[in-house]
Amino acid sequence: MPAPPLDILAIAAHRDDVEQTCGGTLLKMAQRGHRTGILDLTQGEMGTRGTADDRAREAADAANILGVTWRHALDIPDGRVENTWENRLKVARVLREQRPRVVILPYWKGRHPDHYTASTLGYEACFLSGLSKLDVDRELSRTQTPSPAKVDALPPHRPFKIIYATLYYDIRPTFVVDITELFETRFQALMAYKSQFNDQEAGKDLFPAHAEIRARIESMARFYGMLGGVTYAEPFLQKEVGLVEDLTLIPVKSI
């Protein structure tokens, strides 16, 4: 029997991106009984510190800390995330397998090309996944050598909601999620990437010291928490206009 569909799937370019941008939100949703998942597009083979195998072990540890139901990494080259037909099909296949209601993508602007490309790639894959006449496995067999293993045809699926994690880009969010009670656990999930964030000689000119990482993450969470009237929060953006049924229940004080 296939696994129940995911409620929320976060898609990001690299292992540790989700932990930085929306890990607290995934943890909060898992604690509320939702099935959460993470799709990493690459395996981290180009990282200055550690190896792809290190990243795989650390990603599994982080997923356990965040209560994630499902996690998988594709084989898109690290540092070369491209919005190609083949890559869109790979993501669309995951969407049809996991059938999430909500997808979290990176914001579509940023410093790292992999990040902003992952945003566009993810959005277009969400659209393709809903096309009833698209046979994803047949199309993949045309683009890959050797061909991927054939599975039973997966029915089309399109997420109901797409939101964007904006922590990597300076833009006013549409909303924030209160992670005040979860901040420490969220930080522990990020620190599971020991090869990446422990103080060490490799990459010392590129990576801040452990104590500085903690200070930066806390200050950003406090800033977005301030916008929402809480201590710590994670920022998100939605393209759609929000729908309100009861004006007396809108959260966050105006004055």
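The values are calculated or read from the model by the stated rules, or taken from the named source; none is laboratory data. Computed from a prediction, not measured in an experiment: that's the story for all the values here. Cβ placement follows ideal geometry from the backbone for every residue including glycine, while neighbour counts extend to all protein chains displayed. What goes into the accessible areas is simple: the full protein's heavy atoms, side chains included, and nothing from ligands, DNA or RNA. Shrake-Rupley method; radii C 1.70, N 1.55, O 1.52, S 1.80 Å.
So the values come out like this:
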{"read-out": "Where a residue in the stretch 218-245 is modelled with pLDDT of 95 or more and its partner, wherever it lies, is among the charged types (D, E, K, R) and not in a loop (DSSP other than H, G, I, E, B), with Cβ under 6 Å and at least six apart", "value": "VAL230/ASP178; ALA233/ASP178"}
{"read-out": "Residue count for the stretch 1-13, restricted to those that are modelled with pLDDT of 95 or more, open to solvent by 10 Å² or more (accessible area, probe 1.4 Å) and in contact with a strand residue (DSSP E or B) (Cβ under 9 Å, 6 or more places away or on another chain)", "value": "2"}
{"read-out": "Condition check for GLY50: modelled with pLDDT under 95 and of a type outside the set (Val, Ile, Thr)", "value": "yes"}
{"read-out": "Those residues of the stretch 218-227 which are under 15 Å from THR185 (Cα atoms) and crowded, with 18+ Cβ neighbours inside 10 Å, in sequence order", "value": "ALA221"}
{"read-out": "The stretch 207-242: number of residues that are aromatic (Phe, Trp, Tyr) and part of a helix (DSSP H, G or I)", "value": "2"}
{"read-out": "Of residues in the stretch 228-254 being touching a Pro at 6+ places or on another chain (Cβ under 7 Å) and not aromatic (Phe, Trp, Tyr), the one least open to solvent (accessible area, probe 1.4 Å)", "value": "PRO235"}
{"read-out": "Pairs, first under 19 Å from LYS133 (Cβ atoms) in the stretch 84-102, second surrounded by fewer than 21 Cβ atoms within 10 Å (Cβ to Cβ) and of a type in the set (Asp, Glu), C-beta under 7 Å, six or more apart", "value": "ARG88/GLU124; LEU89/GLU139"}
{"read-out": "Lone unmet requirement of (1) closer than 27 Å to LEU182 by Cβ; (2) open to solvent by less than 60 Å² (accessible area, probe 1.4 Å); (3) assigned to a loop (DSSP other than H, G, I, E, B) for TRP108", "value": "(2)"}
{"read-out": "Candidate set from the stretch 36-80 (those that are under 14 Å from the mean Cα position of the chain (by Cα) and charged (D, E, K, R)); member that is most open to solvent (accessible area, probe 1.4 Å)", "value": "ARG71"}
{"read-out": "Selection from the stretch 19-51 of residues that are without any contact (Cβ under 8 Å) to a residue 24 or more places away in the chain and either among the charged types (D, E, K, R) or under 19 Å from LYS194 (Cβ atoms) (or both)", "value": "ARG32"}
